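Contents: one structure, followed by commentary.
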Amino acid sequence: METTERGTLDLDTVQTLLGQSQRRYLLYHLMENDCGNVEELSLQIAAWEHDESVETVDEDARERVVISLVHNHLPRLADHDIVEYDLRSGDVVLTDGFEDLEPFVDQYKRAENTEVPDVLPLSQRS
């Protein structure tokens, strides 16, 4: 993990981690909810990406987000001690390392004016 003398993430690492919208959306949700599940998070992220409600998200769009989360975004965030995730259960939680990134995530969230709704569990989708 790239760090400065104070133990915080360096600016290049912050920009790399937050430069991709799916990672930002994932972190926005986790900031508000402390934890999530890959299946439900992928639904919300796909809805944000396509500017639609979670009820109308196409299954293919959601599945593309699942693949991206599992094979790219979650491992990258875990490598920087921002999240922990269980591949079997799909559970995702923030770690103490998120504290270094949180002010930047908050700035991005305000700039993007992204509201974090409660995620509708897959079992309750129509």
Next on the checklist: For a quick check of your reading of the model, give me the residue pairs whose first member lies in the range 52-72 and is open to solvent by 60 Å² or more (accessible area, probe 1.4 Å), whose second is small (Gly, Ala, Ser), with beta-carbon atoms closer than 7 Å and at least 6 apart or on different chains.
Outcome noted: Glu55/Ser126
Checklist outcome for this item: Of the residues in the range 98-108, those that are touching a residue at least 12 places away in the same chain (Cβ under 8 Å) and open to solvent by 30 Å² or more (accessible area, probe 1.4 Å) come to Asp100, Glu102, Phe104, Asp106, Tyr108
Checklist entry - Out of (1) within 22 Å of Asn113 (Cα to Cα); (2) of a type in the set (A, V, I, L, M, F, W, C); (3) more than 12 Å from the chain's Cα centre (by Cα), what's the single condition that is false for Leu87? => result (1)
Checklist outcome for this item: Residues of the range 73-97 being out of contact with any Phe, Trp or Tyr (no Cβ under 7 Å at 6 or more places or on another chain) and surrounded by fewer than 17 Cβ atoms within 10 Å (Cβ to Cβ), in sequence order, are Pro75, Arg76, Asp79, Asp81, Glu84, Asp86, Leu87, Arg88, Ser89, Val93, Thr95, Asp96
Checklist outcome for this item: Of the residues in the range 25-57, those that are touching a strand residue (DSSP E or B) at 6+ places or on another chain (Cβ under 9 Å), within 22 Å of Tyr108 (Cα to Cα) and outside any helix (DSSP H, G or I) come to Asp34, Cys35, Gly36
Checklist entry - Residues in the range 58-65: is at least one basic (Lys, Arg) and assigned to a helix (DSSP H, G or I)? => result yes
Item to check | Out of Leu87, Leu101, sole residue that is modelled with pLDDT of 90 or more and more than 16 Å from Tyr28 (Cα to Cα) | outcome: Leu87
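The values are calculated or read from the model by the stated rules, or taken from the named source; none is laboratory data. All values reported here derive from a predicted model rather than from experimental measurement. Don't worry about glycine lacking a Cβ; one is built from the backbone with ideal geometry, like all the others, and counts go over all protein chains shown. Calculation scope for accessible area: heavy atoms of the full protein, side chains included, ligands and nucleic acids excluded. Shrake-Rupley method; radii C 1.70, N 1.55, O 1.52, S 1.80 Å.
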